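Read the figures in this text as sums done on the coordinates, not as results from a lab. Bear in mind the structure is a predicted one, so any value in this text is a computation, not a measurement. Backbone-built Cβ (ideal geometry, glycine too); neighbour counts: all protein chains shown.
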Amino acid sequence: MLELQRTAGNRAVAGWLGLPAVQARRDHPPITDLVPAGTLDTTAWRTTHRQAKTALAEGDERTAAPLYVRLLADASTVAGVAVLPGFDPNRIHLYRGAAKPGLNLTLDRGDDPGHVGWVDAAGTFGVPLDVSKGVPAVHAGMMISPGAFTDDKAMSMRTIRHEMLHVRHRQMTLAAVTKWDAAGRRPAFETWVSRNAARLRLSEADVVLVQKGARDGQVDTEVLAYVEGFMTEFHLSAPTKAGTMMAFFELLGAVETKKFFTWKQADAKVKEEALSRLRDYHGTLDRAHRQRWKEWVDEGVAKHGADTTGRKEFYAALATFVK
């Protein structure tokens, strides 16, 4: 049995024995079908993307806008964004200075591929969360730019799934703030969340995310979002160095971004949760993808033996199960 698991993987062994396939622990189920009924096939996706990209490059926003809306609606459908309250693939707001809760599309090619922020009643995107004076009148909004899309439909799922994690964490935070306010706002929010974690159905990592989220903390939610982005794409990519390059680039966001040394700064409970998800995900992979991941980890361990930014710790933790 152990030899079978080593050579064929847990998922294959489970199938041979008539057992349920191993499922990775995560907030949203893995994408197994890139072309469910009613969505663009890979050829139509590529054609639509190229038409949109060309039109925007030529300054023809009137033509580009509906094409990008179609891409975002399609990607959001495949990614399952409708599981998030207030998010509907068929309701996409074209951002022109004012945002709305839910899905927003910007045609600004200089913007990040995607980001999530609080939206107030005036349509301001990215307002801070102020819990000092009652329940804030804000909702989570997702902003997606043309940079989120490529000719490869599978790769275009990464940004949507990454941002979905941020939305979930924000909605979880606002729900906890609302219940804390209704309970009389005593004791202090962080203490109240810890004491009521079971009633709120929050894991230890969730408690940290909510506590930090109430102060607009970004590091911990980024760790899990980058892990989610990696798990969205890696098994769909060719198990070669070139094929997995962007998936591993996404995974390294859990270690370092433009703003943070994410892994080094993250809470221990969140890092533990991230590693648990990656460990479970590893068990679902075929032999070729497990081997490619091992090669990448081995290279990282050898390269970052004296690193102090968090990469040394991250690679060493992965090496305990990526074998």
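If you sort the three axes of the alpha carbon gyration tensor as a ≥ b ≥ c, you get a/c of 1.5 or more for the chain and a/b no higher than b/c, which makes it oblate. Working ranking of peptides 192-201, 76-85 by packing, defined as the average number of other Cβ atoms within 10 Å per residue, highest first, is 76-85, 192-201.
In order along region 83-94, the phi-based Karplus estimate (6.51 cos²θ - 1.76 cosθ + 1.60, θ = phi - 60°) of 3J(HN,Hα) comes to 5, 8, x, x, 10, 9, x, 8, 10, 10, 9, 7 Hz; Gly and Pro are listed as x.
Within the chain, the whole DSSP H helices whose Cα atoms reach 15 Å or more along their own axis and whose mean Kyte-Doolittle score is at least 0.0 are 61-79, 219-233.
Among the listed pairs Lys179/Lys264; Lys241/Lys294; Lys153/Lys303; Lys133/Lys271; Lys100/Lys264; Lys133/Lys258, which are separated by more than 22 Å between their Cα atoms?
Lys179/Lys264; Lys153/Lys303; Lys133/Lys271; Lys100/Lys264; Lys133/Lys258
For the chain, adding -39500 (n - 2.57) for each run of n ≥ 4 DSSP H residues and dividing by the number of residues yields -15500 deg cm²/dmol at 222 nm. Distant-in-sequence amide contacts of Leu94, defined by a placed amide H-H separation under 5 Å and a gap of 5 or more residues or a different chain, comprise Leu105.
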